[in-house]
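Before any comments, here is the structure.
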Amino acid sequence: PLVFVPHNTDLARSAKIRQTVPADRVLQMFAVARIFFSRLIRNITVDWTKTGLDLALRALATGANDLGPLSYDPWEIRVPEVNGRGTIPTATIRSAITKAGRTPAERDAHTTKTATPAASRKEELVLA
């Protein structure tokens, strides 16, 4: 599921959409996606650039199991809290996932787990 972010879009201006989808509805969307697609789709990704990291972490408890890429295309529409950051440090994601009660794991572009354990590299811890 992809959350619509209305900031500075033609659709938002023409439909006069001023707010993003409420957080509870976003979480419901991921829960329903997990129920309906659990046998067909292994990884349900929440895009932290569209929801913000806090809501993305909450979505891990309702059906999502993937936070998506650590960086994003500078031309895509994203939530204001992400503006100015082209990437999020791996250590920040790992720490946030662990604090959310999940086990971080890395994957390659084909959505399979990599052989490298998530905590094997030394990186600066950004999220305290």
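With respect to the conditions (1) on the phi > 0 side of the Ramachandran plot; (2) modelled with pLDDT under 80; (3) loosely packed, with under 12 Cβ neighbours inside 10 Å, A15 falls short on a single one, namely (1).
Consider region 79-89 and keep the residues that are surrounded by 15 or more Cβ atoms within 10 Å (Cβ to Cβ) and under 13 Å from the mean Cα position of the chain (by Cα). The one that is modelled with the highest pLDDT is I88.
The values are calculated or read from the model by the stated rules, or taken from the named source; none is laboratory data. Everything numeric here is computed off the predicted structure, so don't read it as measured data. Here Cβ is always computed from backbone atoms with ideal geometry, including for glycine, and neighbour counts include all displayed protein chains.
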